[in-house]
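The structure under discussion appears below in the form of structure tokens.
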Amino acid sequence: MKNSLLALCLALLLSSCASVRVTHTDIATGATNPSAIYLKPFDVSDCTFIGRHHSPGELPIRKSLAPAEFTEALKEELEEMAPAVVLKNGDMPDSGWLVEGSIDLVDSGHPGTRLEPLGDLFQDGASHIMIHVVVIDMDAKRAVTTDSKDVTGTQTTAVRTRRGVVVYEFDVAGGSHSTGKLGSITARASGTR
């Protein structure tokens with residue numbers, strides 16, 4: 001695909017709730033055609049989970065499963081661009097693109113309130129999600145310069161190369177907006193699961 005950022009955003013759209021859009025971009029280099037894509041399960045340690053999560057006892061279970069479920073759904077979409085693999089804890093790829101990030105907000109909303117006459121107008125009950133994404137090209141090398149003094153006090157400069165250059169870094173946000181009881185092409189109806 002020519003526009004990798006657009007493809008990655010599309011994958012995020014299809015693997016998250018309803019419609020999402022890029023809200024902020026820190027880095028966009030125009031890199032394309034990864035040889036492979038490796039996904040680190042997204043971090044949820046600072047994620048805020050709100051909305052209808054069935055019961056308070058179920059929330060910790062949902063939070064613990066969110067990284068694996070989201071990353072697996074994202075993997076399925078990114079396989080359209082290149083072979084994709086979800087990494088296990090401690091694994092680090094030697095080549096291809098590494099996709100990592102954090103899920104910052106998951107608001108499941110309250111689908112029942114979308115059925116009320118003014119619920120659609122004020123987006124009452126709508127779901128929301130916020131995600132931070134970092135894409136690192138592991139094939140690229142960057143020079144890292146360090147300055148220090150040796151034992152005699154002479155200034156020394158060392159240049160080392162490290163693998164990995166961030167090629168994309170951006171935030172996405174979205175949700176069901178005012179999708180009502182009948183749903184839409186991007187969100188299911190509130191009466192279904």
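The values are calculated or read from the model by the stated rules, or taken from the named source; none is laboratory data. Keep in mind that this is a model prediction, so the values were computed, not measured. Every residue, glycine as well, gets a Cβ built from its backbone with ideal geometry; the counts of neighbours run over all protein chains shown. Heavy atoms of the whole protein, side chains included, go into the accessibility calculation; ligands, DNA and RNA do not. Shrake-Rupley method; radii C 1.70, N 1.55, O 1.52, S 1.80 Å.
Lys and Arg at +1, Asp and Glu at -1: add these up for the other residues within a Cβ distance under 13 Å of Asp171 and post the number. Provide the component values of the computation, followed by the final result.
Working: positive: Arg21; negative: Asp26, Asp104, Glu169.
Overall, the nearby charge balance is -2.
Summing Lys and Arg as +1 and Asp and Glu as -1 over all other residues whose Cβ lies under 11 Å from the Cβ of Met92 gives a net charge of 0.
These residues, Asp94, Asp139, Asp46, go from largest to smallest accessible area, 1.4 Å probe, as Asp46, Asp94, Asp139. Per-residue surface analysis assigns Thr152 an accessible area of about 110 Å², computed on protein heavy atoms at 1.4 Å probe radius. Within the straight-line cut-off of under 17 Å between alpha carbons, the aspartates and glutamates reachable from Lys88 are Asp43, Glu69, Glu72, Glu76, Glu100, sequence neighbours fewer than 8 places apart in one chain being disregarded.
Under 10 Å from the Cβ of Asp26, count the other residues' Cβ atoms, weight Lys and Arg +1, Asp and Glu -1, and hand me the total. List each step's numbers first, then the result.
Numbers: positive: none; negative: Glu169, Asp171.
That works out to -2.
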